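Down below is the structure, laid out as structure tokens.
The values are calculated or read from the model by the stated rules, or taken from the named source; none is laboratory data. Bear in mind the structure is a predicted one, so any value in this text is a computation, not a measurement. For neighbour counting, all protein chains shown are included, and Cβ atoms are generated from backbone atoms with ideal geometry for every residue, glycine included. Please note that ligands, DNA and RNA were not included when accessible areas were found on the heavy atoms of the full protein model with its side chains. Shrake-Rupley method; radii C 1.70, N 1.55, O 1.52, S 1.80 Å.
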Amino acid sequence: MEFFIKKANLEFGTKVTGVEEGVMEKILSYEWKGNVRELKNAIYMAVLETKKGKIKSIKPLEEESEKDAY
């Protein structure tokens with residue numbers, strides 16, 4: 001995951017430093033059906049939204065949580 005964050009920072013000129021602990025737990029427990037490509041795309045989107053500091057949420061994980069709530 002750090003690899004994707006560093007690569008995204010270089011591509012987008014952002015300064016994301018990592019992922020908050022609660023988000024990391026969700027990432028590790030999520031079933032990535034699209035495998036590494038899905039993870040990379042989710043990290044890239046989160047880096048673009050965060051721009052600086054630590055990632056606080058990742059869209060696919062939030063959407064999955066919303067589905068589970070219903």
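A few remarks follow.
- Net charge over other residues, Cβ less than 12 angstrom from the Cβ of ASN9 (K, R count +1; D, E count -1): +3
- Carbon + sulfur, % of accessible area of the chain - ligands and nucleic acids excluded, 1.4 Å: 52 percent
- Cα long-axis angle, helix 2-12 against the chain (0 to 90 degrees, to the nearest 10): 60 degrees
- Here the sum of -39500 (n - 2.57) over DSSP H runs of 4 or more residues, divided by the residues of the chain, equals -20500 deg cm²/dmol at 222 nm, to the nearest 500.
- Amide H contacts of GLY18 (H built 1.01 Å from N, under 5 Å, at least 5 apart or other chain): ILE55
- Angle in degrees between helix 35-50 and the longest Cα principal axis of the chain, rounded to the nearest 10: 60 degrees
- Once the 1.4 Å probe is applied to the protein heavy atoms, the chain comes out at 73 Å² accessible per residue.
- Taking all protein chains together, LEU28, LEU48 sort by accessible area into LEU28, LEU48, largest first [probe 1.4 Å].
- Taking the C-alpha atoms only, the angle from helix 59-69 to the longest principal axis of the chain is near 20 degrees.
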